[in-house]
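Colleague: Supplied in C-alpha cells, the structure appears directly below.
The values are calculated or read from the model by the stated rules, or taken from the named source; none is laboratory data. Owing to the predicted nature of the structure, the values given are computational and were not obtained by experimental measurement. Neighbour counts run over all protein chains shown; Cβ positions are idealised from the backbone, glycine included. The area values use the complete protein model at the heavy-atom level, side chains included, leaving out ligands, DNA and RNA. Shrake-Rupley method; radii C 1.70, N 1.55, O 1.52, S 1.80 Å.
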Amino acid sequence: MKVSLATHGGLAAASNLRRPPEVLDTDDLPDDAAAELTRLVAAAVPAPEVERPGRARDAMSYTITVEDGGRSTVLRQSDAAMTRAFAALLTWLRDHFEQR
C-alpha cells in the first residue's frame, strides 16, 4: 500500500504549491509500523468528508491518497473541520516523515 500526503493552503500557501506530496510505501516499513498505518487508514477511510465553506480561510488542508491493490482512495480534510480518525492518520504520517 502506498500513502501520500499533500498539504495545501495556510499562511505559507505559495511554498506549498511547489512541494510534491510525500509518499510512503508499507513495503518499506517494519511490520509493526506497516500494521499501524494500515489500521489508521482503515479507520479514516469510511469517515465522511467534513467541509465548512467560508470558515478559517487560512486553514491548512490535507489530501491523503491511499493506493492499494489497484484502487485509489482520496481523503481530504482541513484544520477547520477534521475527524479524529483523519487527525490520527495525519499525525502518524507527519511524525514518520519528520523522522526520515
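Colleague: Within the set of pairs 6 or more residues apart or between chains, which connect a residue that is in contact (Cβ under 8 Å) with a residue 40 or more places away in the chain inside segment 76-88 to a residue that is among the basic types (Lys, Arg) and open to solvent by 20 Å² or more (accessible area, probe 1.4 Å) with Cβ atoms less than 7 Å apart?
Modeller: Final answer for the pair search is none.
Colleague: Among the residues of segment 64-100, how many are outside any strand (DSSP E or B) and open to solvent by less than 40 Å² (accessible area, probe 1.4 Å)?
Modeller: 9
Colleague: Give segment 11-28 a look and list any residue that's modelled with pLDDT under 65 and either part of a loop (DSSP other than H, G, I, E, B) or crowded, with 17+ Cβ neighbours inside 10 Å (or both), or say none.
Modeller: The answer is Leu11, Ala12, Arg18.
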